[in-house]
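Peer 1: Quick one: the structure is below, questions incoming.
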Amino acid sequence: MVNVVLGIVEKEDKILLIQRERGDFIGLWGIPGGKVEECEHIDEAVKREMLEEIGIDMKFRELLGVSSEIMHDKNSTSLLYICLLNMDNSVEIENPEFRYKWFSKEDIEKATDIIESDKKFIEEFYIKRNKNYLKMDCYRKENGEYYWE
């Protein structure tokens with residue numbers, strides 16, 4: 001089991017997403033985050049990941065929800081903690097590790113280039129705020145495309 005933190009960062013009614021450059025989902029936009037390290041609390045892990053990926057020291061605000069996701073093609077299970085962080089609105093992102101972009105809620109709903117599971121996390125935990133646990137199964141089609149149930 002892999003523990004992963006994802007950090008939703010908001011500014012002026014938009015959400016920050018990064019473009020994946022390695023691993024799965026290359027070229028797609030997703031919520032920044034990464035693996036929780038040994039003996040690390042999730043609030044500290046998400047702050048560290050934000051500092052590493054976008055170069056900003058942010059404050060943990062709240063845990064929005066938890067999801068267990070099974071990647072069936074890899075026989076792996078991740079426990080994902082979706083966190084909300086505070087960012088000073090006057091701060092500008094400089095020298096991020098990844099390409100980033102601010103998305104409005106409407107942009108997210110219409111986009112076809114956002115990782116589908118991340119899109120569901122944003123919709124369920126951030127926009128609707130109506131769940132605290134989301135069960136996800138990820139499968140891979142013969143053509144290599146992922147889909148979630």
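Peer 1: How long are the semi-axes of the equivalent ellipsoid of the stretch 62-149, taking √(5λ) for every eigenvalue λ of the Cα gyration tensor, in whole Å from largest down?
Peer 2: Semi-axes (√(5λ), whole Å): 25, 17, 14.
Peer 1: Subtract the Cα-Cα distance of N132 and A111 from 0.36 nm times their separation in residues, and report this length gain in nm to one decimal.
Peer 2: 5.1 nm
Peer 1: Same structure, new question: Straight-line reach from K105: which aspartates and glutamates have Cα under 16 Å away, leaving out those fewer than 8 places along the same chain?
Peer 2: Within the straight-line limit of under 16 Å, K105 reaches these aspartates and glutamates: E10, E12, D13, D113, E116, D118, E123, E124.
Peer 1: Given (1) 55; (2) 46; (3) 59 as candidate values of percent of Cα pairs over 20 Å apart, which corresponds to the one derived from the coordinates?
Peer 2: (2)
Peer 1: Continuing with the same structure: Rounded to the nearest 20 Debye, what is the dipole magnitude of the chain about its Cα centre when Lys and Arg each give +1 and Asp and Glu each give -1 at the C-beta?
Peer 2: 360
Peer 1: If you don't mind, there's one more thing I want to ask. Would you mind telling me which residue in V66, V36, V91 has the biggest mean-square fluctuation in a Gaussian network model of the chain, where springs connect alpha carbons within a distance under 10 angstrom?
Peer 2: Most flexible of the set in this elastic network: V91.
Peer 1: Among L84, L64, L28, which one moves the most in a GNM of the chain with springs linking Cα atoms closer than 10 Å?
Peer 2: Maximum fluctuation in the GNM of the chain, among the listed residues, is at L28.
Peer 1: Counting other Cβ atoms within 10 Å of each Cβ, which GluC sites (Glu not before Pro) in the stretch 2-94 have at most 12 and sit in a DSSP loop?
Peer 2: Those that pass, being in a loop and sparsely packed, are E12, E21, E37, E38, E92, E94.
Peer 1: Further question: Please work out whether the stretch 1-78 counts as rounded, prolate or oblate from its C-alpha gyration tensor, where a ≥ b ≥ c are the square roots of the eigenvalues and a/c under 1.5 means rounded, while otherwise a/b larger than b/c means prolate and anything else oblate?
Peer 2: Oblate is the answer for the stretch 1-78, as a/c is 1.5 or above yet b/c matches or exceeds a/b.
Peer 1: Using Cα pairs closer than 8 Å and at least 6 residues apart in sequence, work out the relative contact order for the chain, in percent.
Peer 2: Once normalised by length, the contact order is 28 percent.
Any read-out appearing in this document is the output of simple, stated calculations on the displayed coordinates, not a laboratory observation. If you're wondering where the values come from, they're calculated on a predicted model, not measured in any experiment. Note: ideal-geometry Cβ built from the backbone for every residue, glycine included; neighbour counts use all protein chains shown.
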